[in-house]
Every structure is written in C-alpha cells, then in structure tokens.
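Peer 1: If you scroll down you'll find the structure; I have some questions about it.
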C-alpha cells in the first residue's frame, strides 16, 4: 500500500450504475477536479452474488483496474448494507421485523436481521472473497464494511439472541429479575424463554416511552452489540487475508441507537458522514467532529461523506451557498479529519438519491458552479500536501459522553418529557466553542488525568466504580462540573438509595431532596456574579453538605435555596448546577470554571469565527480560522504565522481580513 502524501480527496463512486462508455469521461472529470481517492462497491451485493452459489466479479474487476490505471486510491466497501432479493425470497428469516411488529419484505437497505445466521454467513463470505480477490492492489488504502449501520429488528431471531445475550450478562434468573425490578407489575420471569423483545406489542407505549426501562435499556445494548458483531465478522474475514490494510465503517455523529465508543474499539480508524440540516449551528457540526475524534482517544478520523452541494432527504433541500462546501471541509480537517470525501462523484439518474448533490452533475460536464468549487478545493489540498496529516488536537478540557446514560435518561418516566441528553451536552459544548477553548469528548472508560476541567452533563447514570474515578480525579486537583438530575441511578437504571445525587453526594457536598419540572415557557430565576439568569426545565431543591452556595432561586416555595453550589474536595473543586439556564449563563459559567482550572482560550473570540488548532507532536502548530458569517471579519494576529494556502507571513499584531465564509490555515511560529 502506498504512503499517503496528501489528504485523500474524492468519495463515493458508482460506475456500476452507468454504461462503460461513461467511465473514461468520469476519469477525465475526476482528474480535472483533483480527485485522487474513490470509495467503490458500496451497494453491489446483488451484482457480485446473483445467485446463492454463484459470484460474478467481472465488472468489479474492470472498475478496480480502471481506478488503478488512473492513479486513484481506493477505499473498497463490502456491499453488505443491502442483501440481494434472492436471499429474502429463499430465506425470509433474513428480513427484519419493525418496532410495530410488522414483518418487512425485500426493499430499502438495512433490512437484514443481524441475528440471522443466513445473513451472518453470506456477509462474512462476501467480505472474505473481496479481500482475497482485491487485497493485492497497491492503491487499496482501506476497507469500508457495510454502510451507515442502523435501524432495529424485533424478530424471533433477535428475541432468541437477546435471551442468549442476557444469560451471558446476568447468569441467573434471580439476578435478571433483580436488575429489572420485575416484582413491579408482576413481571417475574422463571425461564429464559419467557422473555420477549420490548416493542409496541409488549413493553412500550411508544418508541421512547416504556413501562420497564431496564428491559428496554438492555435491548438497546443488545442490538448495538448485535450489529457490531456483524461488523466484527466481516472485519475478521478481511483481516485474515489483508492484515496490513485498515478497516472502518462510516458512523453518523451522535447516532443514538449505536454505542459508538464500543464500536470504535473494533475499528482501525473512525470515519463518519457529515450531513448537517439546513441552519445547523457550526458548533453542533464541530461537536460531532470532536465526538468522532474522541472515539479513539484523539486519533485523526476520516470524513467519509458529505454533500458537495445539496442533500435530498430534508423537507427543504437548500443549496450549499458558495464557499460553504470549502468551509465545512476545512472545519472537519480543523477538528481532526485526515480525509475530505463526498457522496457522490456522479449524480445518479433514478431512485431516492437522484437529486442528491454530486461532483459531476446531471449536466455531465465541468461547467457548473459546484464542479468549479470542487476543483478549487482540490488544488488547495494539493498545495497543503501532508502537512496536517496525523497531527492532533490538544485539549485540557473534556466532556464525558455515555450512550448507556443517554438511553437510560430518555427512557426515564419523568421528570419531564423535554429532558433530552444532547440538549445539555450541546449547551456546555457551545460555551467552550464560543470562547475558542479546545475540548475533547470522551467516554467513561477514558482517563480524566490529562484534563484540568471535565464536564459531566446530565450524568443520570453513574456506573459501578465511576464515582471513585471522579472522586480520585477531584481529590488530586481536578475540576468538574455536573448538572441537575445527575447521580440518580446505577448501571441497570435502578435508583441509588440514600438520597440524590447518589454516590456523587460527598464529591459535590450536597443533597438534592426534590426536582421541580417546569412546563415549557415557565421559569424561575437566580442572580450569579451580579447577573440575572433564568432557571428552566428542572429546578433541583438541594441542601448543602459542605458545599458553598453560589446562587439561589428567586421565586416559588424554594425561594432562597441553593441553585448552584461549589465544593472544595481534596485539591480540586466540584460545581453543581441545579437547573437549565440560557446561553449567556453557560458561556459565563464555563469561562469562570476554565479560568479557575487554568484552562486557557486558544485565541481571543472573534464574532462568527471558529478558531481551532492541531499539533504535530512536538512539531508545528496549525491554526484554523473559519468564518461562518457571510460578512467579512477582521483578525488581529496573536502570534507570527505562515498562511499555508496563500503562502505569506503575518506578523504578530497584524490585522488580517477574513472574507465571508473564508478560511485561513496557518503554521504558527
């Protein structure tokens, strides 16, 4: 496999959808655009295996030779996200059952039951055959298993597999009944075969409302593991033949159904597809990039897909305005991406993605606005070369994200239907983002020691032993922020008795007696540091047990009781914020905590300009300035640096104008 000397640039290419006479014109256009990398074979299972006992690689052979002849690097997919029609006809057990109990027929994609032995057998076989046939290509830089794993299944295969998963996890019926609290509503189980999948036919009022949170939580865990096992099966087949070629699958940011921290352990590198909705705040996009970087301990990731111009599945599919494609591409690089890839190279003529953007439009030539922008970015990436490849983001602040906590919190029956995990994660993240404080998104398995400040938004579930991790961190000088409705339950969603916030109580120095849920539009309030802020959604009624009150509620029967508390614990500090507030509060509070913890801003904030940094070990610092406004912004350089795209030097104190949607990438002295 050749050494990568620049950021791979290109993306999904589907020549099998076109007659061969189009292929050579594609090669001319891709070369003209600066495309040097293509993802092939994403949805070709039906063509590769037209019958159960027959494979046909003739067309893929020609496509692989075409890419090799034209000096294109290849990320080769395994095609297993959509099984062939013959498989559904001959083996209907391979088809999924919906949450409603409806049995699917052949169609769509992600319609294969992950617990089906038939699907497992043939998906793994195909992955192995692809590795054996194409693993020798020297332009093959990565394997791409399946595509955007997702969905769910409640069929008999999954029900049986769920029972096996539970037996391995809990060992005995007694333990299962304990962790699910089955004495409630007479749910006691006496045999593993009595357990059924939790769906609309059994435990659920609706998708997010369940009568037995413990059962539904475990099914979430089981199904994430079931899909992961499919990925791992293909991974093993590929690695058996090509152990030297890295393997990935494309993730989807904060995708709730799958525990990506667990998945990342089985991925050689993380890759993901960035498709923000129209109007998505740049901080939310940045947060998703930072999550992807955090999945494997800060390693660079691959931007596997984004649209060159327009999506097709939104209610209103607005075009990316001039400059936005370039801006979002560099935003990914700024947060740790080592690729810039798109879906798709040529716009298809039919089905649901025929109006999704592409490098080559339906017009079929290079004389389009989108093509010119792609071409210009390709030229810039050629100039940039390999300078940022492998460099990392260095952060002294972190936020802890946990899928189990997310699932359990939103399955909770109360205290408010408006209580959403990502809402609070985003509020704290944006406070860091707007002050140019670099932040890592980490899991409960990652060490806290590299960080001076750690935020635990809505840490509803404190897993066994994790309170001791936090306790040791703060005692040795760490600084933490926790929020309302934290420390409530243990791993199985059973309430920790003895008072909230459970095992965090001594660290935080408080006891939360009650939580008041405020309807949408209603609020309490408090004054902190001389400013007035709203108290919304939940108001925790707390008593101080060693902590110091920083602010108190203004109204209602709990007027004058603490809303924010700070506890000195060992050498560190722990803050508890007992309510939701507004954007200004989060910005002010995080700024105070960061200053107290000694966490510095990378650069003085500039309105609408995102500023990040990547470091090449002990080597160079790369600064990224991204103007998300349509208006020009002015920067005052805080250090001497060299622009990597314009090849000029800016002195310390020099004023630099950054055009609307403009990008500046500098190597700092």
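The values are calculated or read from the model by the stated rules, or taken from the named source; none is laboratory data. Computed from a prediction, not measured in an experiment: that's the story for all the values here. Positions of Cβ are backbone-derived with ideal geometry, glycine not excepted, and every protein chain shown enters the neighbour counts.
Peer 1: Which one of the conditions (1) under 12 Å from the mean Cα position of the chain (by Cα); (2) buried (at least 19 other Cβ atoms within 10 Å of the Cβ); (3) assigned to a loop (DSSP other than H, G, I, E, B) does residue 289 fail to meet, given that it meets all the rest?
Peer 2: Evaluating residue 289 over (1) under 12 Å from the mean Cα position of the chain (by Cα); (2) buried (at least 19 other Cβ atoms within 10 Å of the Cβ); (3) assigned to a loop (DSSP other than H, G, I, E, B) leaves (3) as the failure.
Peer 1: Can you find even one residue in region 558-565 that is touching a helix residue (DSSP H, G or I) at 6+ places or on another chain (Cβ under 9 Å), crowded, with 17+ Cβ neighbours inside 10 Å and under 22 Å from residue 517 (Cα atoms)?
Peer 2: For region 558-565, residues touching a helix residue (DSSP H, G or I) at 6+ places or on another chain (Cβ under 9 Å), crowded, with 17+ Cβ neighbours inside 10 Å and under 22 Å from residue 517 (Cα atoms): present.
Peer 1: Working carefully through the options 630, 615, find the one that is within 23 Å of residue 293 (Cα to Cα), in contact (Cβ under 8 Å) with a residue 40 or more places away in the chain and out of contact with any helix residue (DSSP H, G or I) (no Cβ under 6 Å at 6 or more places or on another chain). Steps first, answer last, please.
Peer 2: Values: 630 fails: within 23 Å of residue 293 (Cα to Cα).
Going through 630, 615 in turn, just one is within 23 Å of residue 293 (Cα to Cα), in contact (Cβ under 8 Å) with a residue 40 or more places away in the chain and out of contact with any helix residue (DSSP H, G or I) (no Cβ under 6 Å at 6 or more places or on another chain): 615.
Peer 1: Which numbered condition in (1) touching a residue at least 40 places away in the same chain (Cβ under 8 Å); (2) in contact with a strand residue (DSSP E or B) (Cβ under 8 Å, 6 or more places away or on another chain) is the only one that residue 101 fails?
Peer 2: (2)
Peer 1: Looking at this structure, is residue 255 modelled with pLDDT of 95 or more, within 21 Å of residue 662 (Cα to Cα) and surrounded by fewer than 21 Cβ atoms within 10 Å (Cβ to Cβ)?
Peer 2: no
Peer 1: Could you check residue 413 against (1) farther than 17 Å from residue 283 by Cβ; (2) modelled with pLDDT of 95 or more; (3) in the same structural domain as residue 457 (by TED's automatic domain parsing); (4) surrounded by fewer than 21 Cβ atoms within 10 Å (Cβ to Cβ) and say which number it fails?
Peer 2: (2)
Peer 1: Going through 378, 385 one at a time, which residue ends up being farther than 23 Å from residue 602 by Cβ and surrounded by 20 or more Cβ atoms within 10 Å (Cβ to Cβ)?
Peer 2: Only one candidate passes the filter, namely 378.
Peer 1: Right, another one. Those residues that are assigned to a loop (DSSP other than H, G, I, E, B), under 30 Å from residue 601 (Cα atoms) and touching a strand residue (DSSP E or B) at 6+ places or on another chain (Cβ under 9 Å), I need them from region 398-433; list them, please.
Peer 2: Matches in region 398-433: 401, 402.
Peer 1: Return the residues of region 7-51 that are assigned to a loop (DSSP other than H, G, I, E, B), touching a residue at least 40 places away in the same chain (Cβ under 8 Å) and surrounded by fewer than 17 Cβ atoms within 10 Å (Cβ to Cβ); say none if nothing qualifies.
Peer 2: 18
Peer 1: Where residues in region 461-470 are touching a residue at least 40 places away in the same chain (Cβ under 8 Å) and surrounded by fewer than 24 Cβ atoms within 10 Å (Cβ to Cβ), which of them is nearest to residue 394 (Cα to Cα)?
Peer 2: 467
Peer 1: Here's another thing I want to ask about it. Pick from region 640-659 the residues that are part of a loop (DSSP other than H, G, I, E, B) and over 33 Å from the mean Cα position of the chain (by Cα): which of them is surrounded by the fewest Cβ atoms within 10 Å (Cβ to Cβ)?
Peer 2: The extreme case among them is 647.
Peer 1: Applying the selection to region 200-222, what residues are in a helix (DSSP H, G or I) and under 18 Å from residue 416 (Cβ atoms)?
Peer 2: Listed by number, the list holds a single entry, 213.
Peer 1: Give the residues of region 522-556 that are without any contact (Cβ under 8 Å) to a residue 12 or more places away in the chain and out of contact with any strand residue (DSSP E or B) (no Cβ under 9 Å at 6 or more places or on another chain), sorted by residue number.
Peer 2: 530
Peer 1: For region 348-368, give me the residue count where each residue is surrounded by 13 or more Cβ atoms within 10 Å (Cβ to Cβ) and more than 18 Å from residue 27 (Cα to Cα).
Peer 2: Number of matching residues: 4.
Peer 1: Only one of (1) farther than 23 Å from residue 437 by Cβ; (2) without any contact (Cβ under 8 Å) to a residue 24 or more places away in the chain is not met by residue 637, so which one is it?
Peer 2: (1)
Peer 1: Identify all residues within region 52-96 that are out of contact with any strand residue (DSSP E or B) (no Cβ under 9 Å at 6 or more places or on another chain) and in a loop (DSSP other than H, G, I, E, B); write none if there are none.
Peer 2: Pass one, region 52-96, residues out of contact with any strand residue (DSSP E or B) (no Cβ under 9 Å at 6 or more places or on another chain): 52-59, 61-62, 65-66, 69-71, 79, 85, 89-91, 93.
Scanning region 52-96 gives 52, 53, 55, 56, 57, 70, 71, 79, 91.
Peer 1: For region 109-193, list the helices (runs of 4 or more DSSP H) that sit wholly inside it and hold at least 2 residues that are surrounded by fewer than 18 Cβ atoms within 10 Å (Cβ to Cβ), in contact (Cβ under 8 Å) with a residue 24 or more places away in the chain and at negative phi; which are they?
Peer 2: Answer list for region 109-193: 117-134, 156-170.
Peer 1: Could you check region 660-669 and list, in sequence order, the residues that are buried (at least 17 other Cβ atoms within 10 Å of the Cβ) and part of a loop (DSSP other than H, G, I, E, B)?
Peer 2: Let us first name the residues in region 660-669 that are buried (at least 17 other Cβ atoms within 10 Å of the Cβ), namely 661-667.
Within region 660-669, 661, 662 qualify.
Peer 1: Residue check: is residue 279 in contact with a strand residue (DSSP E or B) (Cβ under 8 Å, 6 or more places away or on another chain), outside the structural domain of residue 417 (by TED's automatic domain parsing) and in a loop (DSSP other than H, G, I, E, B)?
Peer 2: Here the answer is no, as residue 279 does not meet what is asked.
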